[in-house]
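Take a look at the structure set out below.
The values are calculated or read from the model by the stated rules, or taken from the named source; none is laboratory data. Bear in mind that the values here come from a model prediction, so they are computed numbers and not experimental data. All Cβ positions, glycine included, derive from the backbone under ideal geometry; neighbour counts span all protein chains shown. When the accessible area is computed, the model is the full protein with side chains, heavy atoms only, and any ligands, DNA or RNA have been set aside. Shrake-Rupley method; radii C 1.70, N 1.55, O 1.52, S 1.80 Å.
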Amino acid sequence: FRTELLGENIRPQGNLPGNLYIRGRGNSLFDDADMARLVRRLKALGVTRIDGQIVVDNSYFDTQNLPPHFDEQPDEQAAFRAPIAATSYNFNSFALYVRPALAGIGPTRIEVRPPNDYVKVVNTSTTTKTGRSLLRMDTKVEPTRLRIALSGQLRDEVVRRRFRKRVADPVVFVGSGLSRALADAGIAVRKKAIAAGAAPASAIVLATHESPPLATAVRGMGKYSNNFIAELLLKVIGAEVNAAGTPATWQHATSAVHEFLTTAGIAPGTYRYENGSGLFDSNRFTPLQLISVLQLAHRNPKWGSEFFSSLSIAGVDGTLSRRMEATQAEGLVRAKTGTLDQASALSGLAAIDGRRPVFFSILINGFPESSIGIARALQDEIAQELIRALSGR
């Protein structure tokens, strides 16, 4: 996945006439460290000033940033509901860290990561030696920034508190990240406004950043249930299969997945697939259909091994790192978890040396929210029983 800085020819004096464009192609892992590397490559060309403004080119995708069904929880500002854009940055989310005052009394200390000018924090929270910690974070979306009002109190013995939130405008967010990286590198930008727009055909690629391989993104998605990666990769699929070359839509993306599922023997009309993460009321499959996908992956050496490497390992890593520890299943079960209100899923494979793996899918629906622990314990016991059966014990 390539992210580029584009513009006109650099003048001998070090100025870049016109605008500086940043154009992405769906890199879900692009962060502030990558942004700094990209800007350093621009700096190495001798650039000291941008005469125009920063323009974010998201033309690989259309402008529908929210995946299907994400509007079913419109007031939710959590990072799991982040918007999707071709040029994305830091999972299109930020973290606000709150720490007590060094003296143990007074205003709390705050830090926003990644550092940017898009998130503006108005902090009235204080450090206290009495009472309990109680912080409130109110978000207000403004045209050029996200204003955060932080209030309340934090006990002096607390190391830190972290809030992780989505951004409302990925264009301004990534542009703000680029602006900060340029300033850190000593490159001035004449016009401060950040705009969205496609780079002209005459624009020259000045600097490039290439992402890690696709398998790295898939592994992060699978092991840690990263909804942002799931939705961004889905829209990349839409862009890659769109023969017309127009900006990718969610319809392009889901249609490609429907076509793929037929190769797993899953008939159209027998399931529901409307977004990449499964969030909200979007997707419905039977356990047997999910097993069909697992079996297809097992038969396909081109991508199957990378797919199975993305599944969490029982008692070892990912969302299963603390499940099935110190049991027969530890290290021998690979699976993907799934959790929604009143729904829990565990699908994957159980395998031991010298035996064919057993694929399984356990979907539990309609239980009280307080019983999620019971549902997971049942899934774990079934997975352990599969290992016992394979071992002949």
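The table below gives the values:
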item	result
Residue identified as touching a helix residue (DSSP H, G or I) at 6+ places or on another chain (Cβ under 8 Å), at pLDDT below 95 and small (Gly, Ala, Ser) among 264, 244	264
Complete set of residues in segment 134-170 that are open to solvent by less than 70 Å² (accessible area, probe 1.4 Å) and either over 16 Å from residue 107 (Cβ atoms) or in contact (Cβ under 8 Å) with a residue 60 or more places away in the chain (or both)	138, 139, 142, 146, 163, 165, 166, 167, 168, 169, 170
Selection within segment 56-75 - among the acidic types (Asp, Glu) and touching a residue at least 60 places away in the same chain (Cβ under 8 Å)	57, 62, 72
Filter result for residue 30 (under 22 Å from residue 213 (Cα atoms) and touching a residue at least 12 places away in the same chain (Cβ under 8 Å))	yes
Lone unmet requirement of (1) at pLDDT 95 or above; (2) open to solvent by 20 Å² or more (accessible area, probe 1.4 Å) for residue 131	(1)
Lone qualifier among 183, 207, 199 - being out of contact with any Leu (no Cβ under 6 Å at 6 or more places or on another chain), of a type in the set (A, V, I, L, M, F, W, C) and more than 17 Å from residue 91 (Cβ to Cβ)	183
Every residue from segment 374-393 that is without any contact (Cβ under 8 Å) to a residue 40 or more places away in the chain, open to solvent by 30 Å² or more (accessible area, probe 1.4 Å) and in a helix (DSSP H, G or I)	374, 377, 378, 381, 382, 385, 389
Selection within segment 299-326 - of a type in the set (A, V, I, L, M, F, W, C), outside any helix (DSSP H, G or I) and open to solvent by 30 Å² or more (accessible area, probe 1.4 Å)	303, 316, 326
All positions within segment 215-237 that are farther than 20 Å from residue 81 by Cβ, more than 13 Å from the chain's Cα centre (by Cα) and in contact (Cβ under 8 Å) with a residue 24 or more places away in the chain	215
Matching residues in segment 351-373 - criterion: being touching a residue at least 40 places away in the same chain (Cβ under 8 Å) and either more than 17 Å from residue 319 (Cβ to Cβ) or outside any strand (DSSP E or B) (or both)	357, 359
Residue tally, condition of a type in the set (Gly, Ala, Ser) and either free of Cβ contacts under 8 Å to residues at least 40 places away in the same chain or surrounded by fewer than 18 Cβ atoms within 10 Å (Cβ to Cβ) (or both), over segment 76-98	2
Helices (runs of 4 or more DSSP H) enclosed by segment 202-273 - at least 2 residues per element that are hydrophobic (A, V, I, L, M, F, W, C) and in contact with a His (Cβ under 8 Å, 6 or more places away or on another chain)	227-241
Residue within segment 365-373 that is open to solvent by less than 30 Å² (accessible area, probe 1.4 Å), over 18 Å from residue 293 (Cβ atoms) and not aromatic (Phe, Trp, Tyr) present	yes
Evaluation of residue 179 against (1) under 21 Å from residue 80 (Cβ atoms); (2) over 14 Å from the mean Cα position of the chain (by Cα); (3) not hydrophobic (A, V, I, L, M, F, W, C) (one fails), failing number	(1)
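A quick yes/no check of all residues on (1) assigned to a loop (DSSP other than H, G, I, E, B); (2) crowded, with 17+ Cβ neighbours inside 10 Å:
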site: 3; (1), (2): no, yes
site: 11; (1), (2): yes, no
site: 21; (1), (2): no, yes
site: 26; (1), (2): yes, yes
site: 34; (1), (2): no, yes
site: 37; (1), (2): no, no
site: 47; (1), (2): yes, yes
site: 56; (1), (2): no, yes
site: 66; (1), (2): yes, no
